[in-house]
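Engineer: Below you will find the structure I want to go over with you.
Read-outs: derived from the displayed coordinates by stated rules, not from any lab. Nothing here was measured: the structure is a model prediction, and the numbers come from that model. Methodologically, a virtual Cβ is constructed for each residue, glycine included, from the backbone with ideal geometry; neighbour enumeration extends over all protein chains shown.
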Amino acid sequence: MARIVIDPVTRIEGHLRIEVEVNDHKVTDAWSSGTMFRGIELILRGRDPREAWIWAQRICGVCTTVHALASVRAVENALSVEIPENARIIRNVIAASQNVQDHIIHFYHLHALDWVDVISALKADPAKTAQLAQSISDWPKSSAVYFKAVQDRVKTLADSRQLSLFGSGDWGHPAYKLPPEANLLAVAHYIEALKLQREFIRIQAVLGGKNPHPQTYLMGGMATTMDGSEPDAVINPERITLLNELVANAQEFVRQVYLPDVLAIAGFYPEWFQYGAGIGNYMTYGDYSGDTTMSESGFFFPRGIVLGRDLATVLALDPNNVTEYVTRSWYEYPDGDQAAKHPAQGVTNPKYSGPKPPYEFLKTNEKYSWLKAPRYNGKPMEVGPLARTLVAYASGNGNVMRIVNSTLAKLKLPASALFSTLGRVAARALEADIMVSRLSDWVAQLDDNMAHGNVRLHNGDKWNPNSWPKSAQGFGFHEAPRGSLGHWVEIEDKKIVNYQVVAPSTWNAGPRDAQQQRGPYEAALLDTPIADPERPLEVLRTVHSFDPCLACAVHVVQANGAAHNKRH
Amino acid sequence: MTHQPLFTPSSAGELMSPMDRSVLELCRSHGISRRRFLEFCAAVTTTLALPSSYAQIVATALSQKKKPVLVWLEFQDCAGNTESMLRTSHPTVEDLVLESFSWEYHETIMAAYGKAAESALQRVVREEKGKYIVVVEGAIPTADGGVYCTIGGRTALDIAQEVCGSAAVIIAVGACAWDGGLVRSGPNPTGALGLQGAVPGLHVVNLPGCPHNSANTAAVLVHYLTFGEMPALDPLNRPLFAYGHLIHDQCERRAHYDAGRFIEEWDDEGARKGWCLYKMGCKGPEANLNCPTVQWNGSTSWPVKAGHGCIACASPRFWDTKSPFYERLPHPAGFGVDVTVSEIGWTVVGAVAVATAAHGVTSIIRDRRASETKTDESREKTGPKEGK
């Protein structure tokens, strides 16, 4: 029996450590640990709720904007503020552009190198790569000359012995299965995706001033202004044209590059549609509202839960059933660590009890992570693109069913293949396709509203804090690229007294709970084959398939529970 | 030739003057396409205000056989500075990380993981001692023995001391690595500090902002590549070309401020006409950065242009000193252009160009400018003066 440690887990956001037990070339147990803590919710206490989103946004710079959105929604929910239609549309455009952007970056820059051997690309015949490219897509950049140029670029790197970011990769590992031609194709698109992400995200600069951390949300709407006849309005006909161009470019990339690449690469790794399923419970809050009240019925992604891989039933979801355990996390509850607490009632002290650094192994039979363990009705849940896809699929959502069924047909796989490592990868790509189409609809809607003189973007009824009740509580949520995100806020005397975040990666990367139930990463790693324990590439495949974001995942409620003690 | 240009031939090549022919040949012999060469020139000339005749020096720098090694450390971060770096367009991120530098450690995007990643970092510290560049992102927790951030079982502080201690150049990107940023703001639960606070005695070049604007950071890296040293710095060790003047003095809405045209309520008529955001809490009059000129994401926009006030994210301890962000600055700024600041502002622009270009006289001008910039800096701390 061998204990293998991966720390740092790279090509993710944040600081994640994975420890696994390997027996007979198979993972027999796993522990997922977040090794960084900042305490942003503590810092939020005492602040003006109207600016909470500016602070909360800094929870993460990779999933930038998603915490801003959930935060502003939480405060609006607490103070019963309804936002104008245009503000809802702009928020959808920003969020959907984030979704597409994140999915593209995840696949090419964070995940692809688990499947793609960069050095093998040197052995490719560029003419055959061109044939391969043309057989899976009609993207114009597919000539032998083009691929030869990319290959030369990689060769220059390799010859210089300064491989830069590609240095010390697992090149030549027996788990790599792509032929050299497919590797060259993927490396070319790695570089293309770097260009695409830089261009596409200008959408958020137009609407939010910059990315990362766009800066135009307001409680009650957006600071972005629109006016068809004002050249200095933020959104005018010229800017709409730019938005349309950026969306069209991304749509082309998703349809002609990203999606075909995912299917082509997946085709060489059919066994990875069997590994990595994990707990098999899937949850989504639902999102992308069709009206300004955030009512569940208008969601583009439906809300619900699929339990135990049963696609015949979608269970209703009530955010009140969300709780968090700290039994195996470096925190303590004053009334004992065995019971879970709802985020709105959370009372937590950070209390490190792990090994003194520098250390070799965590005490995995005690507390071992800065992440808490969120549960829904006591059960661990996987969240993210696969969860959204499965809930929509099981709910009979037409858009999702069509694209999922046609993809499964292409890959000659049953729906159960979705419960897997590559199922997550495929669901993410399909979702990018769906979202990029919705983006063009929303931009068109904005354009139409502007043409009809509907330019309202902010509801200032509650801007003045004197109009607020003495105390208020709110819940804001968002289906972020990585999954279900919830912010809970409590306001008293115009100030934040309690703030709590349960982020997607808290759900997925969290540790065990009081019942010793593993978190989704930990469960998904069981039975992973390991060809070479010195280079556990296969572990990364499954961990990366979740698209970890650890900065999001680690948080704390309040140091001493003063606000609650005062009331109780 | 080992490298084909990735770009299709463009008319950009025609911009090349005859005097640059040797430069072009030099580039070609080292596998740099014309287009990419011109992108470097553009970066240097527009952001650093270098004259185009310095192209020769840029090209020579690019012809080095061995690329300078760069490692990027992430501590208590949100990776927003990494993401910002990924968005850089001049030079492009793919050129920076694949061609210009040997980017050997950067957790968010490197191929290696676990032990191989740790070994890659150790190799640089051991074999490139005194020669490599280290970029630091995120704050460093110092409370409770540093348990609030460990990588590979080691504390952030331990890693920072070792890796920064042996580097040739140390760059802190973003507010957190500079002065602890949001992580350090009250009540600072983890005892977080910026790099220069956590590891005293280092000479750190600071590129604050939340996040840093990678257009500036890329320009600093190109400057280093070209001249082998950092550009002129202000007393807070921020590059003057980027942090030398107030947002307020460069702002495209400044004329509205001077004329007394203010947004009074969100989404009012003034907001749609692009009037001044001062009354909505804009901190531009107390903030130093070049957002209005360089802008963000390929010069697409910046927050004030997009309708929201500046939060002074490159100012010292801005989370604690500039929030509440929607409250009007306590010292009412006067009407009319402030003569002192505008004089300093534009003198500095000229001086940066001269100083950076005329390598030999850099220090003279740097000294002079440092005294001038103190005026800007004191405004940044105390807010704008009363108007005339």
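Engineer: Quick one: Karplus J couplings for segment A:257-273, per residue in order, coefficients 6.51, -1.76, 1.60, θ = phi - 60°, nearest Hz, x for Gly and Pro?
Structural biologist: Result, ordered by residue: 10, 4, 4, x, 5, 4, 5, 5, 5, 4, x, 8, 10, x, 5, 7, 8 Hz.
Engineer: Return, for the Cα atoms of segment B:232-329, the radius of gyration and Dmax in Å, separated by a comma.
Structural biologist: Every Cα atom of segment B:232-329 included, Rg and Dmax give 13.4, 42 Å.
Engineer: What average number of partner chain Cβ atoms lie no more than 10 Å from the Cβ of the residues making up B:91-104? The partial results should precede the final answer.
Structural biologist: Numbers: counts 0, 4, 4, 8, 1, 1, 4, 11, 5, 1, 2, 8, 6, 6.
Mean shielding count: 4.
Engineer: Right, something else. Within segment A:1-18, what residues put their amide N at less than 17 Å from the label point 7 Å along the Cα-to-Cβ vector of A:Glu534?
Structural biologist: Inside the label zone: A:2-6.
Engineer: Taking the Cα-to-Cβ direction at A:Thr28 and at A:Asn244 and moving 7 Å from each Cα, how far apart do the two end points lie in nm?
Structural biologist: About 6.3 nm separates the two model spin labels.
Engineer: Now for a different question. Between A:Lys351 and residues 5 or more places away or on another chain, which pairs have amide H atoms under 5 Å apart, with H built 1.01 Å from N, and which residues are they?
Structural biologist: A:Tyr331, A:Glu332
Engineer: Hey, got the Cα dimensions of chain A along the principal axes, in Å, largest first?
Structural biologist: Sorted largest first, the three principal extents are 70, 64, 49 Å.
Engineer: Determine ³J(HN,Hα), in whole Hz, for all residues of segment B:201-214 in sequence, where each value follows from phi through the Karplus function 6.51 cos²θ - 1.76 cosθ + 1.60 and θ = phi - 60°; x replaces Gly and Pro.
Structural biologist: Whole-Hz 3J(HN,Hα) from phi for segment B:201-214: x, 7, 9, 10, 8, 9, 10, x, x, 10, x, 4, 8, 5.
Engineer: Got the relative contact order for chain A handy, in percent, Cα pairs under 8 Å and 6 or more residues apart?
Structural biologist: Over chain A, the number comes to 26 percent.
Engineer: Dipole of chain A, Cα-centred, from +1 at each Lys and Arg C-beta and -1 at each Asp and Glu C-beta, to the nearest 20 debye? Working shown, then result.
Structural biologist: Details: 56 positive and 60 negative charges, 148 e Å.
Here chain A has a charge dipole of around 720 debye.
Engineer: Would you work out the charge dipole size for segment A:453-494 about its Cα centre, treating the Cβ of every Lys and Arg as +1 and the Cβ of every Asp and Glu as -1, and quote it to the nearest 20 debye?
Structural biologist: 140 debye
Engineer: With +1 on each Lys and Arg Cβ and -1 on each Asp and Glu Cβ, how big is the dipole of the protein assembly as shown about its Cα centre, in debye rounded to the nearest 20?
Structural biologist: Working: 92 positive and 101 negative charges, 156 e Å.
For the protein assembly as shown, the charge dipole is close to 760 debye.
Engineer: Now, a different point. Relative contact order for segment A:307-420: what percent, with Cα pairs under 8 Å and sequence separation of 6 or more?
Structural biologist: Details: 118 pairs, mean separation 31.3, N = 114.
It comes to 27 percent, rounded to a whole number.
Engineer: Follow-up question, since we're still on this one. Could you tell me the ratio Rg/Rh of segment B:69-230? Both radii from Cα atoms, Rh via Kirkwood.
Structural biologist: Working: Rg = 14.6 Å, Rh = 15.6 Å.
Using only Cα positions, Rg/Rh for segment B:69-230 is 0.94.
Engineer: Under the rule of at least 5 residues apart or a separate chain, name every residue whose amide H is placed under 5 Å from the amide H of A:Gly221.
Structural biologist: Residues meeting the amide H criterion: A:Asn459.
Engineer: When the helices in chain A are scored as -39500 (n - 2.57) per DSSP H run of 4 or longer and the sum is shared across all residues, what 222 nm value do you end up with, to the nearest 500 deg cm²/dmol? Display every interim value, and only then the final one.
Structural biologist: Numbers: 18 runs with 212 residues, N = 568.
For chain A, the value works out to -11500 deg cm²/dmol.
Engineer: Could you please state, rounded to a whole Å, how far the C-alpha centre of segment A:22-37 is from the C-alpha centre of segment A:383-425?
Structural biologist: Their Cα centres are 27 Å away from one another.
Engineer: Which order do the peptides B:94-102, A:507-515 take when ranked by the mean count of other beta-carbon atoms within 10 Å per residue, highest first?
Structural biologist: Numbers: B:94-102: 22.3, A:507-515: 25.6.
The densest-packed peptide leads the list: A:507-515, B:94-102.
Engineer: Here is a further query. First check a/c for the protein assembly as shown, with a ≥ b ≥ c the square roots of the eigenvalues of its C-alpha gyration tensor; if it is under 1.5, answer rounded, and if not, answer prolate when a/b is larger than b/c or oblate otherwise.
Structural biologist: Values: a/c = 1.33, a/b = 1.08, b/c = 1.24.
Rounded, because the longest to shortest axis ratio a/c is under 1.5.
Engineer: Please list, in order along segment A:182-196, the HN-Hα scalar couplings obtained from phi with the Karplus expression 6.51 cos²θ - 1.76 cosθ + 1.60 (θ = phi - 60°), rounded to whole Hz, x for Gly and Pro.
Structural biologist: So the J values, rounded to whole Hz, are 5, 4, 5, 4, 5, 5, 4, 7, 4, 5, 4, 5, 4, 5, 4.
Engineer: For segment A:157-288, take N as its residue count and report Rg(C-alpha) divided by 2.2 N^0.38 Å. Present the calculation step by step, with values, prior to reporting the outcome.
Structural biologist: Values: Rg = 21.0 Å, N = 132, 2.2 N^0.38 = 14.1 Å.
So segment A:157-288 has a normalised radius of gyration of 1.49.
Engineer: Going down the table (A:Lys195/B:Lys131; B:Lys279/B:Lys322; A:Lys462/A:Lys495; B:Lys273/B:Lys322), which pairs top 20 Å between alpha carbons? Display every interim value, and only then the final one.
Structural biologist: Numbers: A:Lys195/B:Lys131 30 Å; B:Lys279/B:Lys322 14 Å; A:Lys462/A:Lys495 14 Å; B:Lys273/B:Lys322 26 Å.
Correct reply: A:Lys195/B:Lys131; B:Lys273/B:Lys322.
Engineer: When the Cα atoms of segment A:415-568 are enclosed in a convex hull and the volume is divided per residue, what value in Å³ results?
Structural biologist: On the way: hull volume 29.9 nm³, N = 154.
Convex hull of Cα atoms, per residue: 194 Å³.
Engineer: With a Förster radius of 35 Å, plug the Cβ-Cβ distance of A:Asp318 and A:Ala444 into 1/(1 + (r/R0)^6) and report the FRET value to the nearest 0.05. Could the numbers behind the result be given before it?
Structural biologist: Values: r = 35 Å, r/R0 = 1.00.
The formula returns an efficiency of 0.50 here.
Engineer: Checking the a/c ratio against 1.5 first, then a/b against b/c, what shape does the Cα gyration tensor give for segment A:1-123? Working shown, then result.
Structural biologist: Details: a/c = 3.25, a/b = 1.74, b/c = 1.87.
Oblate is the answer for segment A:1-123, as a/c is 1.5 or above yet b/c matches or exceeds a/b.
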